[in-house]
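Input: a single structure, listed below in structure tokens.
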Amino acid sequence: MPKMPISLGRPVVGHLPAVMKRGLFPLIQAHWSAHGDTFGLRVGPKLINVFIHPEAIERMLVTQRSDFIKGEGYDQIRLLVGDGVLTAEGERWKQQRRTIQPCMNRAFLLGFGDAMVQAAVDATERWAARDLEVLDIYPEMLHLALRILGQTLFSVDLSVSADVSTRAFTVALEELSTRGNTIFAAPLSWPTPANLRLRRALRQLDEIVFEMIDKRLAQKAGGDPGPQDLISLLLDHRDEQGAPLDRQLVRDEIITMFLAGHETTGLALTWTWYLLSLHPRVEADLHEELDRVLGGRVPTVEDLPRLELTKRILQESMRVMPPVWSGGRTVARDTELCGYPLREGDTAMIVPYFTHRHPAFWDRPEAFSPERFEPAAARGRHKYAYLPFSAGPRMCVGNHFTMIEAQLALAVIAQRFRFDLHPGHVVARDHQITMRPAHGMKMLVRRREARSGLAPRPRPAAGC
Ligand code: HEM
């Protein structure tokens, strides 16, 4: 077997001090340059085996997936999402994924198109009414994604609580990320300042979600089945013995969907506006497509197949700036991957940010070129060289949701506005679990010439 190049770092603590200070990203970047596609990093007591090559990714996530579990690497995130589908394992995970899948099929999701468009139209009207010159587009995109999730999957209007919810998610994720990068995280019951912040965020999210559940339960108890959305799907679910899902598990699934679905999509859109502001030619082509296909009216899901460049811009944006920049698994048993030995309990990590820049698969990897996703250009590319939504059976269940939502939102907003990066704004990446703009994304707001078209009224969503 070939020997994995292992970087031991300092005696005893390995690379832990560097990880605590700056996170894993710069370490991986330096080691990829020095050692190539496979290497090990000693971080405290843990060995993190990093795999960048698509071949290894295919094995880890698909052909050899039974050698890997989500395991202890997800312990921190479990404090937030409990046993929802993101963190569950084995048979239980299969059952949970089957339960939510009907709400995630593309054909069903197309019924949400009008609500998605309406939320984007509302956002543009708010900006227009305020006659803004400068906007931090990052919280705006988080709010938009949260509102869309609320309206489509849960039939609730979260515009009032959007600030509280997005802030609570942001705080929770930051604290969980920090806990994940330390050798000893204080038990949650200890009243440290960080724990108090985390507990407050968890309490706020619980309040919002349990209120949604209780309202729907009361509605159902009153004889009204309520909208056929994801909450109904979860509350109406019965197992083989006829038992409903535990209320806590319903809470876990709902928080999971909010967590997995709102920041990621908000980030994808935020980075897309940033990239468009750096690439005026691509932006001009986008405007040409929108004007040609839509002629000033708001888009509908029927327009999606003709908004080809709009889609490619999003695909390329998620290549260059993947919202989930890395992913990890725990090695379930002693095994090997691509010939390298792995020990039970070690961590195996993939890093789409670098796989998306692998020179063997991407020509001029740093260039932003939506043409890469034209069918002829994409033909023959390794299937696992591009994985913003991960891959294999545990691939993102919300990938179709995201693409429909992001394509429609980008179209609606770019019809009415363009954004230039604010000259004084410093763009830096913060590599937490997701890849965030460290200081937000302050942009100058430019109105495009008035486009007519009435916003469509949302159609009631069809049942799952
Ligand atoms: C740009 C948007 C999105 C990106 C980049 C993204 C990315 C990902 C990635 C990389 C994973 C795999 C995580 C892992 O292996 O631990 C994942 C899983 C998941 N995503 Fe997404 N996601 C996005 C949007 C959404 C949306 C909108 C939803 C829900 C409506 C969603 C729900 C989920 C769920 C439930 C899982 C867990 C699936 C499972 O383990 O079976 N995601 N996502």
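Listing for the model above:
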item: Meets criteria (open to solvent by 10 Å² or more (accessible area, probe 1.4 Å), part of a helix (DSSP H, G or I) and at pLDDT 95 or above) for R357; result: no
item: Count of residues meeting criterion [open to solvent by less than 40 Å² (accessible area, probe 1.4 Å) and either more than 18 Å from N181 (Cβ to Cβ) or in a loop (DSSP other than H, G, I, E, B) (or both)] in region 6-20; result: 1
item: Residue match in region 183-191 (condition: among the β-branched types (V, I, T) and without any contact (Cβ under 8 Å) to a residue 12 or more places away in the chain); result: no
item: Subset tally (residues that are farther than 17 Å from V331 by Cβ and open to solvent by less than 50 Å² (accessible area, probe 1.4 Å)) for region 27-48; result: 6
item: Members of region 60-86 that are outside any helix (DSSP H, G or I) and either more than 9 Å from the ligand (Cβ to nearest atom) or over 11 Å from R394 (Cβ atoms) (or both); result: Q64, F68, I69, G82, D83, G84
item: Count - residues of region 99-121 that are surrounded by fewer than 23 Cβ atoms within 10 Å (Cβ to Cβ) and under 19 Å from the mean Cα position of the chain (by Cα); result: 6
item: Residue within region 118-134 that is of a type in the set (F, W, Y) and within 15 Å of the ligand (Cβ to nearest atom) present; result: no
item: Every residue from region 319-341 that is within 12 Å of the ligand (Cβ to nearest atom), closer than 26 Å to M403 by Cα and of a type in the set (V, I, T); result: V324
item: Residue ID - nearest to S232 (Cα to Cα), chosen from residues in region 135-155 that are outside any helix (DSSP H, G or I) and either open to solvent by 40 Å² or more (accessible area, probe 1.4 Å) or at pLDDT below 85 (or both); result: S155
item: Given (1) surrounded by fewer than 20 Cβ atoms within 10 Å (Cβ to Cβ); (2) more than 16 Å from the ligand (Cβ to nearest atom), number of the condition R418 does not satisfy; result: (1)
item: When residues of region 173-205 are limited to those that are polar (S, T, N, Q) and within 22 Å of P45 (Cα to Cα), the one least open to solvent (accessible area, probe 1.4 Å); result: S177
item: Options L132, L176; residue that is touching a residue at least 24 places away in the same chain (Cβ under 8 Å) and in a helix (DSSP H, G or I); result: L176
item: Candidates M403, M349, M318, M395, filtered to the one that is hydrophobic (A, V, I, L, M, F, W, C), within 25 Å of S177 (Cα to Cα) and in a helix (DSSP H, G or I); result: M318
item: Unique residue being touching a Leu at 6+ places or on another chain (Cβ under 6 Å) and over 25 Å from V171 (Cα atoms) when the list is E283, E253; result: E283
item: Residue under evaluation A385, criteria (1) open to solvent by 10 Å² or more (accessible area, probe 1.4 Å); (2) within 29 Å of D67 (Cβ to Cβ); (3) among the hydrophobic types (A, V, I, L, M, F, W, C); (4) more than 9 Å from the ligand (Cβ to nearest atom), criterion not met; result: (1)
item: Among (1) part of a helix (DSSP H, G or I); (2) more than 16 Å from the ligand (Cβ to nearest atom) - the single one F258 does not satisfy; result: (2)
item: Conditions (1) part of a helix (DSSP H, G or I); (2) open to solvent by 10 Å² or more (accessible area, probe 1.4 Å): number failed by A411; result: (2)
item: Residue within region 361-373 that is at pLDDT below 95 and either crowded, with 17+ Cβ neighbours inside 10 Å or not in a loop (DSSP other than H, G, I, E, B) (or both) present; result: no
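Residue by residue, here is whether (1) among the aromatic types (F, W, Y); (2) open to solvent by 10 Å² or more (accessible area, probe 1.4 Å); (3) within 9 Å of the ligand (Cβ to nearest atom); (4) in contact with a Ser or Thr (Cβ under 6 Å, 6 or more places away or on another chain) holds:
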site	(1), (2), (3), (4)
H237	no, yes, no, yes
Q241	no, yes, no, no
L245	no, yes, no, no
V250	no, no, no, no
T265	no, no, yes, yes
A268	no, no, yes, no
Y274	yes, yes, no, no
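The values are calculated or read from the model by the stated rules, or taken from the named source; none is laboratory data. These numbers come from a predicted model, not from an experiment. Glycine gets a Cβ as well: all are built from the backbone with ideal geometry, and neighbour counts include every protein chain shown. These area figures cover heavy atoms from the full protein model, side chains too; ligands, DNA and RNA do not enter into them. Shrake-Rupley method; radii C 1.70, N 1.55, O 1.52, S 1.80 Å.
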